[in-house]
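Trainee: Before anything else, here's the structure in question.
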Amino acid sequence: MKQYDIIVVGTGGATIVADAAQKKGLNVAIIEKGKFGGTCLTRGCIPTKVMVTAANAVQEVEEFKKIGINVNSATMDWDIVSKRTWHMIDKSAGIYDYYNAFDNVDVYRGAASFVSDKVMDIHLNDGSGTVEITAPTIILGTGGYSNVPNVPGLQEAGFLTSESLFGNKFPKQPYKSLAVLGAGPIGVEFAHVFASAGTNVTILQHNVRLVPKEDADMSEHLLNNYRERGINVILNQDTVEIRQEDGLKVVVTKDRTTGEVTETKVEEILVAAGIRPAVEELHLENTGIETWPKGWIKTNEFLETSVEGIYALGDVNGEPAFRHRANYEADIIAHNLFYATSEKDYRWARYDTLPKVTFSYPEIGSVGLTEAEAIKAGYNVGVGKNFYSSTAKGYAMGINPGDVNDGFVKIVVDKDTNHILGMHVVGPQASILFQPYVNLMNSGITPLTTINEEIASERTKRLREKGISRDMDPRSVITVGETMSPHPSLVEVIMWTQAYYENRW
Ligand SMILES: Cc1cc2nc3c(=O)[nH]c(=O)nc-3n(C[C@H](O)[C@H](O)[C@H](O)COP(=O)(O)OP(=O)(O)OC[C@H]3O[C@@H](n4cnc5c(N)ncnc54)[C@H](O)[C@@H]3O)c2cc1C
Ligand SMILES: NC(=O)c1ccc[n+]([C@@H]2O[C@H](COP(=O)([O-])OP(=O)(O)OC[C@H]3O[C@@H](n4cnc5c(N)ncnc54)[C@H](O)[C@@H]3O)[C@@H](O)[C@H]2O)c1
């Protein structure tokens with residue numbers, strides 16, 4: 001059995017740990033069963049944002065008239081947008097070559113499973129058999145998959161998920177009509193893309209709101225804008241069955257309150273109903289790794305699992321699923337394993353300053369608690385709102401009070417301390433606007449906060465007992481490097497100067 005210093009499973013965010021280990025000269029095994037680069041590059045953030053950027057341009061042209069620019073309506077050149085999308089997905093091939101070139105790295109194309117706590121079997125993709133390897137340190141960054149609801153007739157009718165859309169079902173031209181099941185970030189982003197490409201889009205959402213994880217005011221503003229531009233949104237629906245009729249697919253849904261039945265006849269169905277963790281193939285039952293009921297791997301603030309030396313990061317340890325969260329967690333693991341100068345210098349994860357962006361049109365950017373969450377948490381909540389139209393720049397952009405696209409900013413404050421609890425923006429460039437608040441909320445003296453107390457190596461117990469804290473000096477370039485910024489957004493242009501300055505990644 002081949003022995004390594006570290007095994008890294010999955011080539012999304014986990015590659016940050018692999019990079020650090022490689023640079024330290026350790027013997028590294030990287031295992032990937034699918035496309036190198038993981039979800040974000042090959043079927044998630046990057047291809048969707050290439051398409052969303054084109055869709056944004058189509059919508060922005062419509063707004064030019066308001067500021068005195070006469071142009072014809074824009075149309076999307078599907079072939080060019082598709083080529084640009086696949087140009088990014090195909091970058092995956094270079095990642096294998098990159099890692100394979102290092103003498104101290106072995107790259108395995110196959111699915112990893114646990115034989116016991118520190119021993120893994122790799123079922124090689126080429127069918128040549130299995131390889132057994134071991135290491136004292138194992139990093140699990142296996143991500144997640146689309147959750148496909150059990151709806152009668154769905155499998156028979158056929159459907160898309162983000163995996164198959166960016167796989168063998170990528171359309172040669174936009175669909176004539178599309179039903180999107182689910183209106184989290186995936187649903188509303190694809191609805192925007194296809195509606196901008198000329199597809200007749202219907203969103204069928206289970207919840208009473210679009211993007212229900214965001215502040216309710218954001219959902220309402222997005223709903224008004226989607227309906228205004230002709231996207232058919234039907235909320236509060238249970239999907240009852242799918243029928244096939246005249247070569248089309250009929251989605252039968254029922255209002256969860258009134259029971260009213262709606263039939264939506266479309267060319268294609270996109271399922272965007274959340275994700276589940278990629279754990280089945282890992283055979284965690286052969287280890288002491290504990291999971292939550294739906295399979296997410298339990299981790300603590302140091303990203304440790306319940307087996308010492310095994311860490312889990314990114315989508316596989318729970319939601320919300322963001323590539324910048326996976327990167328942040330991987331950076332913490334890499335720091336603690338390879339760069340920390342003493343135990344006092346150890347880093348830990350905090351999630352109250354996690355930035356979130358939904359690349360809908362308009363965009364939504366947020367950090368921290370929603371108004372409802374803050375009230376539920378027992379704070380003495382104060383709220384402030386400001387509309388784009390109240391500023392000179394808003395006027396210059398052609399946004400007037402009362403316009404359906406008059407976006408706004410909502411701040412949620414603890415009135416007892418004046419501390420910012422949350423910041424929410426909906427409107428043009430929302431993905432950029434809220435970042436100063438992420439930096440502010442992430443700075444100051446930060447005490448270690450325990451996550452999942454029962455998961456604790458001896459070192460973790462020691463650090464918790466000591467009650468260490470970290471000085472997040474707001475003027476320090478190191479603090480910038482330890483602050484998350486939403487991916488993929490223009491904020492990264494400024495935030496990542498730190499990474500290049502420090503030669504961090
Ligand atoms: C359509 C879509 C759009 C998105 N847009 C955004 C966005 O704009 N911004 C954002 O921040 N996030 C976005 N996300 C979420 C983001 O893509 C994920 O949160 C992120 O990619 C997760 O990274 P990860 O490192 O946890 O896992 P992944 O990137 O999923 O990597 C896991 C890898 O592990 C491999 N693997 C799994 N099991 C095994 C095994 N047993 N053996 C070997 N290999 C294995 C998989 O093949 C995969 O390549 C989007 C997701 C989707 C689906
Ligand atoms: N911009 C971004 O950063 C970005 C983009 C896409 C995805 N992501 C992440 O990826 C993950 C998955 O995204 P998502 O949008 O699938 O998940 P989600 O869980 O946020 O949303 C799924 C939505 O589907 C609805 N739903 C569930 N079952 C349904 C059914 N049978 N019929 C109709 N509606 C149903 C739910 O009410 C929910 O609002 C999330 O964690 C998200 O944060 C992030």
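Trainee: Length gain on complete extension for the stretch E245 to A57, per 0.36 nm per residue less the alpha carbon to alpha carbon distance?
Mentor: 64.1 nm
Trainee: Let me check something: with ligands and nucleic acids excluded, how do K91, K213 order by accessible area (1.4 Å probe), largest to smallest?
Mentor: Correct descending sequence by accessible area is K213, K91.
Trainee: Provide E465, E220, E241, E304 ordered by accessible surface of protein heavy atoms (probe 1.4 Å), highest first.
Mentor: Sorted descending by solvent-accessible area, the residues read E465, E220, E241, E304.
Trainee: Using the C-alpha atoms of the chain, what convex hull volume per residue, in cubic angstrom, is computed?
Mentor: In the chain, the Cα hull volume divided by residue count equals 172 Å³.
Trainee: Another question about this same structure. Among W86, V131, N70, whose Cα sits farthest toward the positive end of the charge dipole of the stretch 62-162 (+1 at Cβ of Lys/Arg, -1 at Cβ of Asp/Glu, about the Cα centre)?
Mentor: N70
Trainee: What figure, in Å² to the nearest 10, do you get for the accessible area of R459 with a 1.4 Å probe and non-protein molecules left out?
Mentor: 50 Å²
Trainee: Same structure, new question: Need one value: the accessible area of H283 in square angstrom, 1.4 angstrom probe, rounded to the nearest 10.
Mentor: Around 70 Å² of this residue is reachable by solvent.
Trainee: Ignoring ligands and nucleic acids, what accessible area does Y437 show with a 1.4 Å probe (Å², nearest 10)?
Mentor: 70 Å²
Trainee: Can you spot the lysines whose alpha carbon is less than 20 Å from K65's alpha carbon? Ignore those fewer than 8 places along the same chain.
Mentor: Qualifying lysines at Cα under 20 Å: K393.
Trainee: Given charges of +1 on the Cβ of Lys and Arg and -1 on the Cβ of Asp and Glu, with all other atoms neutral, how large is the dipole of the chain about its Cα centre, in debye to the nearest 20?
Mentor: The calculated dipole for the chain is roughly 700 debye.
Trainee: Would you mind working out the magnitude of the charge dipole of the stretch 149-272 relative to its Cα centre, with +1 at each Lys and Arg C-beta and -1 at each Asp and Glu C-beta, to the nearest 20 Debye?
Mentor: 240 debye
Trainee: Compute the Cα gyration tensor for the stretch 149-272, then decide on rounded, prolate or oblate, letting a ≥ b ≥ c be the square roots of its eigenvalues: rounded whenever a/c is under 1.5, prolate when a/b is larger than b/c in the other cases, and oblate in all that remain.
Mentor: Because a/c hits 1.5 or more and a/b fails to exceed b/c, the stretch 149-272 counts as oblate.
Trainee: When the Kirkwood radius is taken over all Cα pairs of the stretch 166-239, what Stokes-Einstein diffusion coefficient follows at 25 °C and 0.890 mPa s, in µm²/s?
Mentor: It comes out at roughly 195 µm²/s.
Trainee: With the crude spin-label approximation of a point 7 Å out along Cα→Cβ, what separation in nm comes out for A74 versus E492?
Mentor: 2.1 nm
Trainee: Using +1 at the Cβ of each Lys and Arg and -1 at the Cβ of each Asp and Glu in the chain, identify which of G230, T446, I375 lies farthest towards the dipole's positive end.
Mentor: Result: G230, furthest along the dipole toward the positive end.
Trainee: Further question: Could you pull out every one of the aspartates and glutamates with an alpha carbon less than 12 Å from that of K254, ignoring same-chain neighbours closer than 8 positions?
Mentor: Filter leaves D238, E241, E263.
Trainee: Report, by chain and number, residues whose modeled amide H sits under 5 Å from the one on V240, excluding near sequence neighbours (fewer than 5 apart, same chain).
Mentor: V252, T253, K254
Trainee: So what J values fall out for the stretch 375-392 if you push phi through Karplus, 6.51 cos²θ - 1.76 cosθ + 1.60 with θ = phi - 60°, rounded to Hz, Gly and Pro as x?
Mentor: 5, 4, 6, x, 6, 8, 8, x, 10, x, 10, 9, 9, 4, 5, 7, 10, 4
Trainee: In what order, largest first, do M484, M76, M1 sit by accessible area if the probe radius is 1.4 Å? All intermediate terms of the calculation are to be shown ahead of the outcome.
Mentor: Numbers: M484 10, M76 35, M1 135 Å².
From most exposed to least exposed: M1, M76, M484.
Trainee: Another question about this same structure. I'd like to know how the stretch 304-444 sits against the 2.2 N^0.38 Å rule of thumb: what's its Cα Rg over that expected value? Walk me through the intermediate numbers first.
Mentor: On the way: Rg = 18.4 Å, N = 141, 2.2 N^0.38 = 14.4 Å.
Here the answer is 1.27, to two decimals.
The values are calculated or read from the model by the stated rules, or taken from the named source; none is laboratory data. Source: prediction; values computed, not measured. As a convention, Cβ positions derive from the backbone with ideal geometry for all residues, glycine included, and neighbour counts pool all protein chains shown. Each accessible area value is taken on the protein alone, full model and side chains, heavy atoms only, with ligands, DNA and RNA left out. Shrake-Rupley method; radii C 1.70, N 1.55, O 1.52, S 1.80 Å.
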